[in-house]
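This report concerns only the one structure given below.
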Amino acid sequence: MAVVFSKPKALTDAPLHYCPGCTHGIIHRLVAEAIDDLGILGRTVGVAPVGCAVMAYDYFSCDMVEAAHGRAPAVATGLKRAMPDRIIFTYQGDGDLASIGMAETVHAATRNENITVIFVNNAIYGMTGGQMAPTSLPGQVTQTSPYGRDVKTVGYPIKVCELLSALDAPYYIQRVAVNSVKHVAEAKKAIRRAFENQIEGRGFSLIEVVSSCPTNWGMTPQKALDWVESDMIPYYPLGVYRDKSKEA
Amino acid sequence: MAKLTFATDVCKGCGLCVNACPRGLIVIAKDKINKKGHSPAEITDESKCIGCACCAMMCPDCVITVEK
C-alpha cells in the first residue's frame, strides 16, 4: 500500500490551536504542500501576521519571522532584498492585510516585490472575538455591527483582489476558496503557482483565500462552509484577477 | 480498498470530513472522547473506502492519513 495522503513535512507536529472546523488549518496545509512539492523547505522563510494565525511560526517547519501588525509585506520586502535566494511568503488575515496593513500591501504590490502573499479572508476579526472587519459583508452581524454592517456609516467591504489588480505592477493575483474539495484542489494549484512565480523571479503574487470562521459567525463548521458558498463567494467572486504571463 | 489512519488525539470533531466523504463512511464517534475532550472522527466500514482522500483534503488538522 502506498501513502496517498499524509501530513506535509513543512508542517511541524504541533497541534493547531485553531477552533474546530477553522479553515486556517486547510490553508496552512496547502502552503506546506506547495513548499514540499517544490522542494524549497530548506530555503523558505515565512512571515507570520497578527491575528488568529499569529502562531503560524509554531506550525511551519521552515524559518519564520513575526511581523508587527500588518507589516508582513514590508518585512518580507526586507528579507527578500537581503536574501534574494530565499523564498519569502507572508500569511495574513483580513484584519492584518486589508486594515492596518493596507499601505504595506499596496506598496509591496506596486513595487512588484518578488514575494508570495497568502491572504486569508474570513470577513471578520477572529482572534479578538468577532468584530467587524474591512471585509465583513453588507448586513453581516458582528460584535461591533449587531444590527448588521451598515454601509452608509462604515462603508463597503474592501475587495482586495479587485483593488490590487487596478495597479500596473503586480504579477499574479487570484482569489480562491476552501469550502469544498473542488475549491481546495483549485486553491492548492493557485498557491503552488504563487510560489513558482517567486522562484522564477517574476514578482508579486497574492492569493486571496475565502475562508470561514465558524466560532465568530456563530455557525457549525459545515454551515459556515455553506455560508461561504451562498453569501461570500457571490460577493467575492473567485478567479484570476491578474496574470502577467498571459499579457504580452 | 484503502486504509485510513486517524490521529485521533488531534481531531477536534468538526465533522468536515463527514460531509466530504462521497460514500458517507465517516462518522463522529459520539461515544468516544479524546485527550482534548472532543469526540473524534472515525470510519465505519473501511472495506467500502475508495481512498479518494476527500476527507483528508477537507481536514483542517491533518488528522487523516490515506493509504491505497
* Under Karplus coefficients 6.51, -1.76 and 1.60, residue-wise ³J(HN,Hα) of the range B:43-51 in Hz, glycine/proline x -> 9, 7, 10, 5, 5, 8, 6, 9, x
* **Distance between the range A:1-47 and the range A:93-154 - C-alpha centres, whole angstrom** => 24 Å
* Asked: What are the ³J(HN,Hα) values, in whole Hz, obtained from phi via the Karplus relation 6.51 cos²θ - 1.76 cosθ + 1.60 with θ = phi - 60°, for each residue of the range A:25-32 in sequence order, with x given for Gly and Pro?
  -> x, 5, 5, 3, 5, 5, 5, 5
* Structure fact -> Simple spin-label estimate for A:D150/A:E200, 7 Å along Cα→Cβ, in nm, reads 5.0 nm
* Cβ-defined net charge surrounding A:W217, 14 Å radius [Lys, Arg +1; Asp, Glu -1] -> -2
* Asked: Which aspartates and glutamates, on any chain, are close to B:K36 with Cα under 17 Å apart, when same-chain ones fewer than 8 places away are left out?
  -> A:D13, B:D9, B:D61
* Asked: Amide H to amide H under 5 Å from A:A10: which residues, 5+ apart in sequence or cross-chain, H placed 1.01 Å off N in plane?
  -> A:D36
* Structure fact -> Between A:R43 and B:K30, the two model label points (7 Å from Cα along the beta-carbon direction) sit apart by a distance in nm of 5.4 nm
* **Restricting the range B:1-67 to trypsin sites (Lys or Arg not before Pro) in coil, as DSSP defines it, with at most 14 other Cβ within 10 Å** => B:R23, B:K30, B:K32, B:K35, B:K36
* **DSSP beta bridge pairing in chain A, given as percent antiparallel to the nearest 5** => 20 percent
* Structure fact -> Comparing A:K223, A:K152, A:K80 in a Gaussian network model of chain A (Cα, 10 Å), the one with the largest mean-square fluctuation is A:K152
* Mind checking the full-extension length gain between A:V240 and A:H69? Use 0.36 nm per residue of separation minus the Cα-Cα distance, one decimal, nm. => 58.8 nm
* Structure fact -> The simple spin-label model distance between B:R23 and A:D58, using points 7 Å out along Cα→Cβ, in nm, is 3.7 nm
* Flagged links, alpha-carbon separation over 23 Å, of A:K7/A:K244; A:K189/A:K244; A:K189/B:K12 -> A:K7/A:K244; A:K189/B:K12
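The numbers here are math on the coordinates, done by the rules we state, and not lab data. Everything quoted here is computed from the prediction, not taken from an experiment. In this analysis, Cβ positions are derived from the backbone assuming ideal geometry, glycine residues included, and neighbour counts consider all displayed protein chains.
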